[in-house]
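To keep things clear, I will list the structure first and then write my remarks on it.
Bear in mind that the values in this text are calculations on the coordinates, not laboratory data. Just so we're clear, the structure is a prediction, and the values are computed from it rather than from any experiment. Cβ sites come from the backbone with ideal geometry, for glycine too, and all protein chains shown count toward neighbours.
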Ligand code: BYC
Ligand code: FE
Ligand code: FE
């Protein structure tokens, strides 16, 4: 179904047939826009940005590219096409027709899931709001803003579900989504990673590689939902997510490539004085972002997660590909936990281990990009390997939250860990160094000295295309 752009809120859900819902969303829209002005990207609101906009919802060919000022982006409500006769694929209701309305007994649970998902979207925009001022190129600036407007739209996607299916409670939740703020001491965002800072572009690339990847896995699990409107909205969100992950993977890859180039040119591993970021420091950023992102999967053993699955609300990643009964009432799953100073593997009821299953899929996926970064290093003839730290490293949630672990997986006393943490995590002085490299580069086709240019531009355009037409005062 095509998206109707003639309406105030573009949509493919026949919003004009539902006056109550339309009114609720139209009341929320100005609040969203004032939030965007106040806590969205700083500056650049009057610049023309080369953005893609969704024009239909099929996986391929939905995008139209053109210059837009960010506040004119048409945030709207786009659900993937319904699947005829879709059946619930897992849990106690497996085989029953999917729900178009929420069964009363699952209302509270589903609301909580939708709110948790929705909360992350504006949080990430808040976290990234000041980065435009230090963009390494117009190409990167455009990618940042593309991600920001789409995360804004992901919030719309969840607010639509809340307004359409949860009545008054839903409207209250929709407002609360604009009241919690990333890092706020009194009213923070719900999940840990979304209250961390994203102070520089290396952090942004790590965030979009590791934290947006949690988004991919969570959205894919929610796309399996028996609640069909949630499934359809997540399916479309996933098509947007692919670009966020691309920005992360290629962003880190370009930093690595530039560092290797400087290492060879100057015959040293310490490229700092030549304006690059040492591979050892890239590793520390990786350790930080990977560990906060692993926490986003929740505890290894979770009755919440078991209930989500049994109720048919949240499935596994690619549920249909799994070769089992899709109920898991008597399956087992291998889960790790610290035990007497070592890491023990135990067999646990699969239903309780849903979070760990998803985390395992995420870890395998995360490793693939790291391998590609390492290929850049080997091809440069350099002897260095980036590594994912052990899953128990620096965890705040779950089995490992009570132990202090090195990236290699050794459990050590807490005071030793504190004394040694600058071996594994960026020290304040290292963060300051990275910040000092963040000077804006805004000439088309030019790139900051700490990052290599991308292999190609966006939508078939050259790398030196003017991806953002800067307006006067956009940096102030
Ligand atoms: N920080 O039973 P447990 C994205 C809480 S990212 C703080 O193990 P459960 C995006 C938990 O809420 C995708 N608190 O948790 C990326 C619970 O609280 P209560 C976001 C945490 O429910 C980049 C307690 O600890 N989507 O889209 O099994 C840019 C016990 O935990 C954390 C979703 O998360 C944490 N990290 O699983 C933009 C999907 N972890 O009940 C966007 C929806 C756990 O004691 N959410 N807690 O108050 C879920 O599926 C589940 O809520 C979770 C947690 C997987 C997050
Ligand atoms: Fe998102
Ligand atoms: Fe994203």
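Return the percentage of antiparallel bridges among DSSP beta bridges fully within the chain, rounded to the nearest 5 %. Counting only bridges with both partners in the chain, antiparallel ones make up about 90 percent. Once you reduce the range 163-206 and the range 98-130 to the center of their Cα atoms, the two points are 10 Å from each other. Start at zero, step by 10 Å, and the Cα-Cα distances of the range 66-109 spread as 19, 33, 21, 18, 10 percent across the bins.
In whole angstrom, note down how far apart the Cα centers of the range 1-50 and the range 291-355 are. First find each Cα centre; the distance between them is then 37 Å.
Ranked by the mean number of other Cβ atoms within 10 Å of their residues, highest first, the peptides 45-51, 168-174, 181-187 come out as 45-51, 168-174, 181-187. Relative contact order, whole percent, for the chain stands at 20, derived from Cα pairs under 8 Å and 6 or more residues apart. Considered as an equivalent ellipsoid built on the Cα gyration tensor, the range 149-306 has semi-axes of 36, 17, 15 Å, the largest given first.
What do the square roots of 5 times the Cα gyration tensor eigenvalues come to for the range 281-345, in whole Å, largest first, as semi-axes of the equivalent ellipsoid?
Numbers: eigenvalues 156, 61, 29 Å².
Output for the range 281-345: semi-axes of 28, 17, 12 Å.
Building the convex hull from the alpha-carbon atoms of the range 318-415 and averaging its projection over directions returns 8.5 nm². For the peptides 454-461, 391-398, 467-474, the ranking by packing is 391-398, 467-474, 454-461, with the highest mean count of neighbouring Cβ atoms within 10 Å listed first. A convex hull fitted to the Cα coordinates of the range 126-187 yields 68 cubic angstrom per residue.
Counting pairwise Cα distances across the range 372-476, what percent come out greater than 25 angstrom? Considering the range 372-476, 52 percent of its Cα-Cα pairs are separated by more than 25 Å. Here the peptides 31-43, 333-345 are ranked by packing, the mean other Cβ count within 10 Å, and the order with the highest first is 31-43, 333-345. The Cα-based radius of gyration of the range 15-469, divided by its Kirkwood radius, gives an Rg/Rh of 0.96. Divide the volume of the convex hull around the Cα atoms of the range 1-129 by the residue count and you get 156 Å³ per residue.
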